[in-house]
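Taking it in order: structure first as structure tokens, then the write-up.
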């Protein structure tokens, strides 16, 4: 098989066509690598910037999803506490004690005067122990307490400022809607920024509402998540456009900054300032009024995620001095009603914005926007070279296939037909002209073999005629004379 014309021809095509092509391709790739390593072209930097924008957008979307799943788990956790038999029994017991104490008929000021020091009647120590144990296992919560249906405290893990909670907005929202998520506020007792998760307590038997539970959740987890993703994204070599830039070789800091922003534009987390208390939730630091981040206002009403180039002309509330002339900004919004609805009714989500900023070291300032992870721009000379290379390889592949097919049709098929005809002649079938569907040298070879076949046919006919003539002239006496002497004896 290795000596067949087809195999030899295919090997020749590979050696003469594909080996030089692979060598040229390897050399071209090495030359391109040397060129990009020494001085990257603007088109290559633009391509790298687009790739980094996708990475930043994916990082922002991943952080948004992580925060949403964490918050959903915490809401479910508080609802589980509120449905505990220990809590339900404590609410019923406290309701009876409050009515017996005559609190139902007193004004709020009178009740608060009676409970100026102690903030509960202490009728549910088992419930207090239960809540303290839950906080110990879930340290993200700063405090938990719950009330009866009139808003009177039943059990609490930390002292509260009031005994009556029914005049608070969070209590009224939770009582009417079933769940309430408050705004982020600073908890001085726990020294953390936190938000309140409030859920309604139901009687497990009758299914009627009997109280409200409030859990104060620290937002420190948001800052920890942002720090974790920022460290991973700022690892050396993670962002390609930073590696291609000359500024990267000057030793400048190339770290990315993560920010989590409320619907009002206030900061929940800021990795660059290490979440400084003087910047978190400060009204004078509002990213929605930042002129260089005007796309954020559009993103709150439009796309769920995307990226753009933000041009900065000043400090822009930077915690550590001037920023780069422009930055690559990616954003992603937290989930809305659809994400929470299967588990938590009447909750529309936090409507937070996760923002990732990276220094735009490539110098591009007018790149098209990446909204919904879709760029619209020409690919540059790298794309042109790639398309030319792919087209060349496809053309050579098709040419090789066509060449092999023509070789088989013009050479191999006639040769195989001729070989089959000669094999039949070896078996004695020498009649009939040798004819092959070909021209040129193969046809000449067929004609030569046909002449040989014709000569062999003539010689065979002549031998048959000679043998027949001799058989007719031979007599019985001659045959007896030629018989051996041994037959006579």
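No value in this document is a laboratory result; all are computed from the given coordinates. On a predicted model such as this, the values are computed, not experimentally measured, just so you know. All Cβ positions, glycine included, derive from the backbone under ideal geometry; neighbour counts span all protein chains shown.
Just a few scattered comments:
- Cα gyration tensor, segment 52-152 - rounded (a/c under 1.5), prolate or oblate: prolate
- Highest mean packing comes first when the peptides 448-454, 326-332 are listed by Cβ atoms within 10 Å, giving 326-332, 448-454.
- Of 351, 68, the sequence from fewest to most neighbouring Cβ atoms within 10 angstrom is 351, 68.
- In plain terms, the residue of 350, 225 with the fewest other Cβ atoms within 10 Å comes first and the most crowded comes last, giving 225, 350.
- Average silhouette area of segment 86-139, convex hull of alpha-carbon atoms, in square nanometres: 4.5
- Between residue 70 and residue 431, the contour length at 0.36 nm per residue exceeds the alpha carbon distance by 120.8 nm.
- In terms of other Cβ atoms within 10 Å, 170, 352, 27 run from fewest to most in the order 27, 170, 352.
- Based on alpha-carbon atoms, the Kirkwood radius and the radius of gyration of segment 73-218 give Rg/Rh equal to 0.93.
- Packing, as the average of other Cβ atoms within 10 Å across residues, places the peptides 196-203, 287-294 in the order 196-203, 287-294, highest first.
- Descending semi-axes in Å of segment 171-228, equivalent ellipsoid built from Cα gyration tensor: 29, 12, 9
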